[in-house]
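Just so it is clear, none of the values below were taken in a lab; they were calculated from the coordinates. If you're wondering where the values come from, they're calculated on a predicted model, not measured in any experiment. When we count neighbours, we look across all protein chains shown, and the Cβ atoms used for this are built from the backbone with ideal geometry, even at glycine.
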Amino acid sequence: MTTPATDHQAAANTDRSGGLRLDDVTLTLGDGDTAVTALDHVALTVAPGEFVAVVGPSGSGKSSLLAVAGGLQRPTSGTVHFAGTELTALSDKERTAARLRHIGFVFQQSNLLASLTVREQLLLPLHIDGRLDTTARARADELIEAVGLTHRAGSRPHQVSGGERQRAGLARALMTSPAVLLVDEPTSALDRVRSAEAVRLIAEQTHERGTATVMVTHDTAIMDAADRVYEMVDGRLS
């Protein structure tokens, strides 16, 4: 692979055709007698428009999987590819640029900024990247409508429900048209009905927008919406 010359080239040289691929990924944390294998020779391929769920108990390696897949942490061995780019070959600055433009994260908590309205939350990533224009504003309105929050566009986080905050977080993650969407326990703060609604919404947006989506969860009751389901135990994916 040719190493991109600049951060913006690293982001711009991606395409959506490759989805997400982890090849023989191992992540070891700590040294010597205290070393822990968080990921143990993990192989995973997710096509564009495919929704994959990974279930497993706390401490099984699910969060480590997302951290490596999203370029937040380098694996000890193995490679990660997304949208035609080898993420593990990029420098730290190049990975940051790639995450900003091509990888969307949905966290357990919505992590919305208290001072911003729902619409402003969506516009912030493109403002940071210097791409805030009329097209970006129109896309924000489109996504807000897609997640059913048009009536909340001018509201701040404390003025909306937990389920609405989660939907706002999903819309924000989709704002950059990411090639990869990584979702970490999105229903942990929601009741059963709202959990099912959130997962259905993630599946719908994945299929409609062609993202390669990985959701990790301990909740096996919400797996029906996924195209494939894996189980993670002790860092191994099965």
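Candidate values (1) 28, 23, 15; (2) 48, 16, 14; (3) 41, 20, 13 were compared with semi-axes √(5λ) of the Cα gyration tensor in Å computed on the shown model; the agreeing label is (1). What FRET efficiency, computed as 1/(1 + (r/R0)^6) with R0 = 25 Å and r the Cβ-Cβ distance, is obtained for GLN109 and SER177, rounded to the nearest 0.05? E(calc), rounded to 0.05, equals 0.60.
Relative contact order of the range 140-235: 25 percent, from C-alpha pairs under 8 Å at least 6 residues apart in sequence. Amide H contacts for ARG236 (H built 1.01 Å from N in the peptide plane; partners 5 or more residues away or on another chain; cut-off under 5 Å): ASP40.
Estimated from helical segments only, the mean residue ellipticity of the chain at 222 nm is -10500 deg cm²/dmol, where each DSSP H run of four or more residues counts as -39500 (n - 2.57). Descending by average beta-carbon neighbour count within 10 Å, the peptides 89-102, 21-34, 59-72 line up as 59-72, 89-102, 21-34, the highest first.
Of all beta bridges that DSSP places with both ends in the chain, some 45 percent have antiparallel geometry. In a reduced charge model with +1 at each Lys and Arg Cβ and -1 at each Asp and Glu Cβ, the range 9-101 shows a dipole moment near 400 debye about its Cα centre. Within the listed set MET223, MET215, MET175, the residue fluctuating most in the Gaussian network model of the chain (springs between alpha-carbon atoms under 10 angstrom) is MET223. Only Cα pairs under 8 Å and 6+ residues apart enter the sum, and on that basis the relative contact order of the range 7-236 stands at 33 percent.
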